Amino acid sequence: MHARPVVAGLPALVLAALIGTMAMMSFVAVIGPVVRLIGLSEWHAGLSVTAAGVLWMLAARPWGRLSDRIGRKRVLLLAMAAYTVIYIGLAVFIDVALQVVPPVLVSVLVLVGARGLIGLFYAAVPPTAAALIADQAPTGQRAQFMARLGSANALGMVLGPAAAGWLAYRNLSLALYVAALLPLLSLALIAWRLPATPPVAAAQAGARAPMSRLDARLRLPQLAAFLAMVSVTIAQVTVGFFAIDRFVLDAAAGARMAGIALTAVGVGLILAQVLVMKLEVHPRRWIIIGALIAGLGFAAVAAVQQPWQLPATYAVAAFGMGFVFPSFQALAADAVEPHEQGAAAGTVAAAQGLGMVAGPMLGTVLYRAGASLPYLLVGVLLLLLCGLAMAHRAKETA
């Protein structure tokens, strides 16, 4: 029997990534009700989420390369500490703003600025964590380990908004404070349970020129990361508005409906991740299958007329997305050399950040033109990803 590969500190890393992503994405469930209550417009919500995406896009690659040079754990501790402080400050401001509404300009500046800084520092976590796993997992077996990390990140993207939506139904401020304290728990887990990680790039200094952003080895992973994140952020940033307007709900009930939909997403996502971990399927094939299912599921939201249909369609879409997210990370990890893992993970994470930039603003602008339009666009984008992955496979086997 062969010894099963072990990644030191993996449980703590996966749990920290899950909790950190929950905090990052819980904002999207409450941003709709918050902007309505403090007198802002939908595009202000899109702008605040987009600000995080801009800085995520710009910072992810440098963070990944820094982790190659100074060690994964040091980068994770630095980033999570700053992330925690800023998030708590944002929660305090929103709590005060809900009681004494500040001028619109002040609210916009604080929301956009704080959310941008959150994106800047959290951008270090996904690529550094992925690189840490790639350092220890053997080539050809990384997909199983990446699926665990990808599952944690994807599940956090669902559980965070879902939990925030449920809490916001009773108390918006409570939801924000809970989300703000989650990164502190991640920080403690990393400091306590993650072993020290020496730099990996020093021994390879001068071995190869810096990785290009357009490296041919990472084209499909970057495309998948970008299109998947565009789709997810559009669906998440609009769900609160969609629930309020389609079903004629007040702000609190809209947040609760969004929470129900995103809880259903969690169910679909968990089922998909079990399949990814149990079945030996090439990551590219998972992308093809997942993008097809998710595209059809999100497109079906446009036809929703009854409240129960919204969580049902989101669950189907999430089942497909659960195949996509860990798969593009595994493709990237297997495509590069050991000393390039941080740079490769950062490059793919930057593509996700670009999706975070484009998705929220595009989704909120389209929503003003028609509530169904964002979901129809998401369906088209994911079917496009399915086609691109099939074409890539055909090209390699030709």
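The values are calculated or read from the model by the stated rules, or taken from the named source; none is laboratory data. Computed from a predicted structure; not experimentally measured. Cβ sites come from the backbone with ideal geometry, for glycine too, and all protein chains shown count toward neighbours. With ligands, DNA and RNA removed, areas are computed over all heavy atoms of the protein, side chains included. Shrake-Rupley method; radii C 1.70, N 1.55, O 1.52, S 1.80 Å.
Tabulated values for the structure
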read-out: Longest segment of the chain lacking trypsin sites (Lys or Arg not before Pro) that sit in a DSSP loop with at most 16 other Cβ atoms within 10 Å; value: 1-207
read-out: Estimated vicinal HN-Hα couplings, Hz - region 303-308 in sequence order (Karplus 6.51, -1.76, 1.60; Gly, Pro = x); value: 9, 5, 10, 10, x, 5
read-out: Contour minus Cα-Cα distance for A196 and A8 (0.36 nm per residue); value: 66.7 nm
read-out: Computed over region 234-313: relative contact order in percent, which uses C-alpha pairs under 8 Å that are six or more apart; value: 35 percent
read-out: Relative contact order computed over the chain (Cα-Cα under 8 Å; 6+ residues apart), in percent; value: 30 percent
read-out: Per-residue ³J(HN,Hα) for region 77-89, Karplus 6.51 cos²θ - 1.76 cosθ + 1.60, θ = phi - 60°, Hz, x for Gly and Pro; value: 5, 4, 5, 5, 5, 5, 4, 4, 4, 5, 5, 4, x
read-out: Exposed-site-free run, longest, the chain (rule: chymotrypsin sites (Phe, Trp or Tyr not before Pro); DSSP loop; at most 15 other C-beta within 10 Å); value: 1-246
read-out: Residue with peak Gaussian network fluctuation, the chain [Cα springs, cutoff 10 Å], from L275, L377, L223; value: L275
read-out: Size-normalised alpha-carbon gyration radius of region 1-111, reference 2.2 N^0.38 Å; value: 1.38
read-out: Relative contact order of region 187-336, defined on C-alpha pairs under 8 angstrom at six or more residues apart (%); value: 30 percent
read-out: Protein accessible area in the chain, 1.4 Å probe - carbon and sulfur %; value: 70 percent
read-out: 3J(HN,Hα) from dihedral phi, region 32-40, Karplus parametrisation 6.51/-1.76/1.60, rounded to Hz, x for glycine, proline; value: x, x, 4, 5, 5, 6, 9, x, 9
read-out: Point-charge dipole on Cβ atoms (K/R +1, D/E -1) for region 39-190, about Cα centre, debye to 20; value: 480 debye
read-out: Residue-level accessible surface for V54, protein heavy atoms, 1.4 Å, Å²; value: 50 Å²
read-out: Net dipole in debye of the chain [+1 Lys, Arg Cβ; -1 Asp, Glu Cβ; about Cα centre; nearest 20]; value: 520 debye
read-out: Solvent exposure ordering (accessible area, 1.4 Å, most first) of V35, V112; value: V112, V35
read-out: Net lengthening on full extension, R69/M277 (0.36 nm per residue, minus Cα-Cα); value: 71.8 nm
read-out: Calculated Rg/Rh (Cα atoms, Kirkwood Rh) (choose from (1) 1.04; (2) 0.96; (3) 1.02), label; value: (2)
read-out: Centre separation in Å (Cα based) which lies between region 341-374 and region 101-170; value: 14 Å
read-out: Solvent-accessible heavy-atom area per residue, rounded to whole Å², over region 74-180 at 1.4 Å; value: 36 Å²
read-out: Two-site label geometry, V365 and A391: point separation in nm, points 7 Å out along Cα→Cβ; value: 2.4 nm
read-out: Value in Å of the Kirkwood radius, where region 189-325 supplies the Cα pairs that are averaged; value: 17.5 Å
read-out: Heavy-atom surface of region 241-334, accessible at 1.4 Å and reported per residue (Å²); value: 37 Å²
read-out: Mean ellipticity per residue at 222 nm, deg cm²/dmol - from DSSP H runs of n ≥ 4 across the chain, formula -39500 (n - 2.57); value: -28500 deg cm²/dmol
read-out: Average projection area in nm² (convex hull over Cα atoms of region 84-124, one quarter of hull surface); value: 2.6 nm²
read-out: Fraction in percent of alpha-carbon pairs per bin - 10 Å, region 238-318; value: 19, 44, 24, 11, 2
